[in-house]
Each structure stands twice: as C-alpha cells, then as structure tokens.
Amino acid sequence: FSFTDAADEPLTTLTPSDIIQISGLVTGADISISGDGTPQYRVCTDGSSSTNCDGSEVQTWTATTGIALVQNNHYVQVRLTSNAANSTMNSATLNIGGVTDQWDVTTINDITPNAFNFTDKSGVTASTLIVSDIVQIFGIDTGVDISVSGDGSPEYRICSDGSSPANCDGSETQTWTSLPLIGVVNNNEYVQLRLTANASAGATNNATLTVGGTNDTWAVTTYTPNDNTPDAFDFIDMNDIALSTQTASDIVQITGIDVAVDLSISGGGSPEFRVCTDGSSEANCDGSETQTWTAGPVVGAVVNNDYVQVRLTSSVSNSTTLQTTLNVGTESANWDVTTENDT
C-alpha cells in the first residue's frame, strides 16, 4: 500500500492523507504508526469518502498500536501536523502486519522576504529619470514573483551583485522592466527601482515594489524653489553720529534663499537701501550695484548671496536714536543710529 505524499502544505496544520484500502490479508493484522508531527491513523470499512469513513470507523483517530485490528478490505487513513518551518518535511510511517509505507508532508516554500526599504529622495529635478539605491532580498527559499506600480512610469531590475551600480549593470538577471514576472527573484539577489520625477515643483511620485509577500514604497519629491526666508542678518548699530548727517550702515550678505525676494524699508531719517553683488568694500559695492539707493519697496530685488546696505539721516537732536527696519523676503533687521551727546 502507498499513501500519496503531500506538498505545499500550510505551516503547523493538521493534515490528513488520502484513504487507502488494505488487501491481501487472511486474518486480522496489527497496525502501528510512528514519525513526526504527532501522527495518528484510523480504520474504517467504507473509504469512498472522508464522510463515509467518518460514519464507518472501526478505529477512531489514535496513535496507539492496534492488535489484529485491520481486516482484509478495510480502509486506513493517517494524519499529522505539518512542520512549523517553510520547505520542511514531516513524515509518518504506518506499519500494517509488517508492511510499511512512509507518508511525507512538506510545507510551503517561504515566499515572504525580510522587510526591505528604499531610501526616499527629495530635492530632485523635475521630469528627470531618478534611480533608487540597490537593496538585497533575504529570507526566501524559492524564486518569488516581482511587480511594480506607481507614478512616473516606474521600472525595476534584478542583479546578482549590488555592491555598486556598475556591478549591478554587469550582473543583471533581469534588465529594466515594468512587467510583473513570476518566480524570478532568488534569495540574496538585488533589486533597484527607477522612475521619472514629477513635472511640478514640490510634488512626489511614488513607486511600490512587491517581491513575494513583501513590498516597499519609494517616494521621489521634486525640488521646491520657494525659500524666501533668508538666514538671519544684522546691521551694526552706530553711536556718536553728527546731527542731521546722512549715515550708511555696514554691508551685509543675504544667504539662505533660492528665489529672488522683495525689499522694503521703514523708519526714521528717510531711510534707503541698495543692493550689490560685491560687498567686500564700499567701492566694490558702488561698482556692482544691482539696485541703487532707493526708499523702495522693490519686488524681487535680492537673490541669494547678494549684499545689502542701508542709510538714513541722523536726528537733528543730540543723544537721539533713529531706527530703520529693512525687510528682506520674510526676514527683517533693525538698525539704530544715535546722535552725539550735547557737549
């Protein structure tokens, strides 16, 4: 007699065999079972179906040896609990009157890789083809399926050496494709993604790669050219200034913006500002002005790394402070000019 081995069984599951008929006996035969997964057997007189066997049992499920239990033309069935690990076999051996058969139950392959993660990218140029980092697939014991979905016409590739993009180029087992493929990714192979970045500033395209039963979403966000908040800047206050004298500040550099920003000024002493590209000296600023002295406001007057300077006319009174405020984009700084004491 022979049982049909079972494969691709779920883990840790009580699994019954097919039902087989015993023939060739002239007297009752002993029956016993041994093996993995706590195996049991049963005996019935009608094995045409599991239901009929249920209703005609001469021995219910047991692991105990039966003496002279099995008669000619009886039916027998075995069961055991499948292994807790993937791709692992549990076996039961049934012995009837000295004749044996081993029944093997093998669990399903592990098609769920360990978690993998692509590093999201930001600040990329719009409408350009962007390539991900290369990640390795672990934790499977058979070839698994792969598919990709998302924005920006995403594609993937597979290689056997992911230590560098060049090495991946030279060891591709699957060139760039967007098609779902069956059973192509093996344990320890590498995968990489690419997609076209969004055409809009500050927008994100996502690609989801599914390998076996595991997936990760890779996010690619375009550059946002709208930083209109400069780094903090400050003018050096001035003291002991003669009365009613036009006085200029030190020259400060504007940094931390990536768009042209507006300039405006307010305060006492008829304040003005100017903009130049070389603030290393008064003379150099004179020769590189992009905005001459003005009370403004001026739209889009300053770009990153430009220099600004302010001036005002000091008070007509001694020991008096006039203050002006320069607004650059969303940042501002005050400058104080105090006249000399009355001696």
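A few remarks follow.
- Scan of segment 287-305 for residues that are assigned to a strand (DSSP E or B) and surrounded by 13 or more Cβ atoms within 10 Å (Cβ to Cβ), ordered by number: E289, T290, Q291, W293, T294, V298, A301, V302
- Matching residues, segment 24-54, being β-branched (V, I, T) and under 52 Å from the mean Cα position of the chain (by Cα): I33, T38, T51
- Within segment 243-286, the set of residues being assigned to a strand (DSSP E or B), in contact with a Lys or Arg (Cβ under 7 Å, 6 or more places away or on another chain) and of a type in the set (G, A, S) comprises A248 only.
- Flag: G152 matches the condition of being under 28 Å from G202 (Cα atoms), of a type in the set (G, A, S), outside any strand (DSSP E or B) and within 17 Å of the chain's Cα centre (by Cα).
- Once segment 197-242 is narrowed to residues that are of a type in the set (D, E) and assigned to a loop (DSSP other than H, G, I, E, B), the residue that is farthest from the chain's Cα centre (by Cα) is D237.
- Neighbours by Cβ (under 8 Å, 6+ apart or cross-chain): first from segment 53-74, under 17 Å from S17 (Cα atoms) and assigned to a loop (DSSP other than H, G, I, E, B); second at pLDDT 95 or above and aliphatic (A, V, I, L, M): A63/I33; H74/I22; H74/V43; H74/V58
- Residues in segment 67-93 that are modelled with pLDDT of 95 or more and of a type in the set (G, A, S) were compared, and the one that is surrounded by the most Cβ atoms within 10 Å (Cβ to Cβ) is A92.
- In the set A126, A84, A115, A166, only one residue is closer than 30 Å to W61 by Cβ and among the hydrophobic types (A, V, I, L, M, F, W, C); that residue is A84.
- Residue in segment 31-43 that is buried (at least 19 other Cβ atoms within 10 Å of the Cβ), charged (D, E, K, R) and touching a residue at least 12 places away in the same chain (Cβ under 8 Å) present: yes
- Matching residues, segment 315-332, being in contact (Cβ under 8 Å) with a residue 12 or more places away in the chain, over 23 Å from S281 (Cβ atoms) and surrounded by 15 or more Cβ atoms within 10 Å (Cβ to Cβ): S315, T320, T321, L322, Q323, N327, G329, E331
- If you go through segment 55-73 and keep only what is over 19 Å from T15 (Cβ atoms) and among the hydrophobic types (A, V, I, L, M, F, W, C), you end up with V58, I67, A68, L69, V70.
- The number of residues in segment 94-129 that are touching a residue at least 60 places away in the same chain (Cβ under 8 Å), on the phi < 0 side of the Ramachandran plot and not in a loop (DSSP other than H, G, I, E, B) comes to 15.
- A Cβ distance below 8 Å, combined with a sequence gap of six or more or placement on separate chains, defines the contacts here; from segment 174-192, residues that are closer than 13 Å to D161 by Cα reach residues that are part of a strand (DSSP E or B) and hydroxyl-bearing (S, T, Y) in the pairs Q174/Y156; E189/T173; V191/Y156; Q192/S132; Q192/Y156.
The values are calculated or read from the model by the stated rules, or taken from the named source; none is laboratory data. The structure presented is a predicted model; accordingly, all values stated were derived computationally and were not measured. Heads up, the Cβs are rebuilt from the backbone with ideal geometry, glycines too, and the neighbour counts pull from every protein chain shown.
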